[in-house]
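Participant: Could you have a look at this structure, given as structure tokens, before my questions?
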Amino acid sequence: MFLALPAVKSHAAFAQDTTSTSLPDDIVFTEVGSAQDSAANKIVKDTTQAVKKDTTAAAKPISKTTETEKLTLWQTFIKGLFGGFLAFLMPCIFPMVPLTISYFTKRAGSRKKGIGQAIIYGISIIVIYVVFGLLITLLFGSSKLNELSSSGWFNFAFFILLIVFAISFFGAFEITLPSSFVNKIDQKADSSKGLGGIFFMAASLALVSFSCTGPIIGTLLVEASSKGNVLGPAVGMFGFALALALPFTLSAIFPGFLNSMPKSGGWLNSVKVCLGFLELALALKFLSAADLVWHWEWFDREIFLCLWIVIFVLMGIYLLGKLKFSHDSDLPYVSVPRLFLAILSFSFAVYILPGLWGAPVSVLSGLAPPMNTQDFILGGNAPAAASSSEFPAKVKYSDVLHPPRGFNAFFDLEEGLAYAKKVNKPMIIDFTGHACVNCRKMEDKIWIDPEVGRLIKEEFVLIQLYVDERSAKVPANQVHYSEILRKNTEDLGAWNADFQATKYNSNSQPFYVLAGHDLNTLVAPQGAIFDAKEYALYLQSALDIFKGKK
């Protein structure tokens, strides 16, 4: 299922977009006790009745072509490029270069023909990986991919997968595809003539290299899918395949290129082991996501940082030759590159060490568990800012959901709207998720800015709507069938995701809606803005409009 999102204006036009779409007719808000709550409840119901004529809003396809989305695609492409160049150095790919040289030497003809065949070879590699990315999207769709990537089971399964790959990289065992399957592809490449043989040669490369490219591709696809963009997986695979195909294309064009390349040997195994350490570290990110989704509340920030420190210290020791695995060759001396890499590994471990006492460690923003999971912070936990009117001691769903450290937040739309009406402030409706990397980066890097923090705490009412919260259930009279999600909104996450899609035409996180008490947008909603000054201007522009209306 595809979710196509409508065009949203650029950040430069914040104050120009004050339109909004309709709420679905079947959303029911329950009555609450206080007069203010009842008044707010009436406003929401009146808003729904006012747009009753537009009954097709929930079923409309959604499209999104914002500048933020384009930037996300570029970031995905660049990450794919980096992953492709990294994959080329893996032990099961690098030795494929001589095989490529041998194959194209047998097909030697005119120089012009050889160059053409080499280019076709490179394009075949790209096509294979891009088609794989498109198939992932076609089979699941952006909505399902987003839901899958934020699932506790999926994150835990991916954690186990990366651990298995890391153990394999350390030399405990080899992960390979069935030899009979790979041999059939190789035989097809040898027996085929013309372009078919070149394509099957590219397919052989993709299959043989699976044990090394699997973790890189898997991580890339998970991150691309979590953006909620239909093109993400394909764009990521294009970047990966482009970087991977380039050296093979060059080696097919210039057979002598092989002579200038270092021979495979012990250094390749060292690369593999170092990547094993990195896989081990990255696996903890997925375990953290599962912990947050399932509310285990044991894999907190300190445990995560301790494990990362140990992993990078051990990698530094390995690079110096003081830690040796069974398949490692003897290291008679430490080369200059190994020395510098060891220094980097030790330095990174020292850099994240203050995080154990509450330092932000911005480089891990989005990867490490949020700051509100930190048990001990030097100087004490910062209290949340006092509001103009006393904030409720307990809010709905606070038993399972917690605001960023130092902030007050509601987790139920109706409750937050009632409070915003009571204190006469605009709202920040923050569509977020437990497994959302950019959501945590915004909270850890941007919201801690003094001016941004002041605006959120003092001038707005923060309402965080988690789209991947499955344990909290909504009241029975709020459950309805979602045309977007194709299921009933029985849990809080499904209800919030449907509300975001049908009301604000978006399905990606983070997604910030600055709204008045009628739930209409004051300025154009935005995704992640990783510039504190720009984000503060964005908040201020909505605040000025709200005060101007009053």
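The values are calculated or read from the model by the stated rules, or taken from the named source; none is laboratory data. These figures come from a predicted structure and were not determined experimentally. No Cβ is skipped: glycine too gets one built from the backbone with ideal geometry, and neighbour counts run over all protein chains shown.
Participant: Please go through the stretch 499-550 and pick out each residue that is assigned to a helix (DSSP H, G or I), modelled with pLDDT under 90 and among the polar types (S, T, N, Q).
Facilitator: Thr502
Participant: Failed condition for Lys421, given (1) within 23 Å of Leu287 (Cβ to Cβ); (2) at pLDDT 90 or above; (3) basic (Lys, Arg), with all others met?
Facilitator: (1)
Participant: Hey, does the stretch 330-346 have a residue that's within 26 Å of the chain's Cα centre (by Cα) and either over 16 Å from Lys445 (Cβ atoms) or among the hydroxyl-bearing types (Ser, Thr, Tyr) (or both)?
Facilitator: Kept after step one, since they are within 26 Å of the chain's Cα centre (by Cα), are these residues of the stretch 330-346: 344-345.
From what's left, either over 16 Å from Lys445 (Cβ atoms) or among the hydroxyl-bearing types (Ser, Thr, Tyr) (or both): 344-345.
Yes, because at least one residue in the stretch 330-346 is within 26 Å of the chain's Cα centre (by Cα) and either over 16 Å from Lys445 (Cβ atoms) or among the hydroxyl-bearing types (Ser, Thr, Tyr) (or both).
Participant: Tally time: how many residues in the stretch 477-514 are closer than 22 Å to Leu539 by Cβ and over 23 Å from the mean Cα position of the chain (by Cα)?
Facilitator: Going through the stretch 477-514 one residue at a time, the tally reaches 2.
Participant: Still on this model: Any idea which of Gln509, Gln500 is closer than 19 Å to Ser151 by Cα and in contact with a Cys (Cβ under 9 Å, 6 or more places away or on another chain)? Let's see the steps before the verdict.
Facilitator: Values: Gln500 fails: in contact with a Cys (Cβ under 9 Å, 6 or more places away or on another chain).
Of Gln509, Gln500, the one residue that is closer than 19 Å to Ser151 by Cα and in contact with a Cys (Cβ under 9 Å, 6 or more places away or on another chain) is Gln509.
Participant: Residues of the stretch 480-532 being touching a residue at least 60 places away in the same chain (Cβ under 8 Å) and polar (S, T, N, Q), which ones?
Facilitator: Ser482, Asn496, Gln500, Thr502, Asn505, Ser506, Asn507, Ser508, Gln509, Asn520, Thr521, Gln526, listed by residue number.
Participant: Same structure again: Sort through Asp518, Asp498 and tell me the only one that's farther than 18 Å from Cys439 by Cβ, in the same structural domain as Ala472 (by TED's automatic domain parsing) and either of a type in the set (Gly, Ala, Ser) or surrounded by 19 or more Cβ atoms within 10 Å (Cβ to Cβ) (or both). Give the derivation first.
Facilitator: Details: Asp518 fails: either of a type in the set (Gly, Ala, Ser) or surrounded by 19 or more Cβ atoms within 10 Å (Cβ to Cβ) (or both).
Step by step, each of Asp518, Asp498 is checked, and only Asp498 is farther than 18 Å from Cys439 by Cβ, in the same structural domain as Ala472 (by TED's automatic domain parsing) and either of a type in the set (Gly, Ala, Ser) or surrounded by 19 or more Cβ atoms within 10 Å (Cβ to Cβ) (or both).
Participant: Also: Only one of Ala418, Ala409 is buried (at least 20 other Cβ atoms within 10 Å of the Cβ) and closer than 22 Å to Arg470 by Cα; which?
Facilitator: Details: Ala418 fails: closer than 22 Å to Arg470 by Cα.
Just a single option satisfies the conditions, and that option is Ala409.
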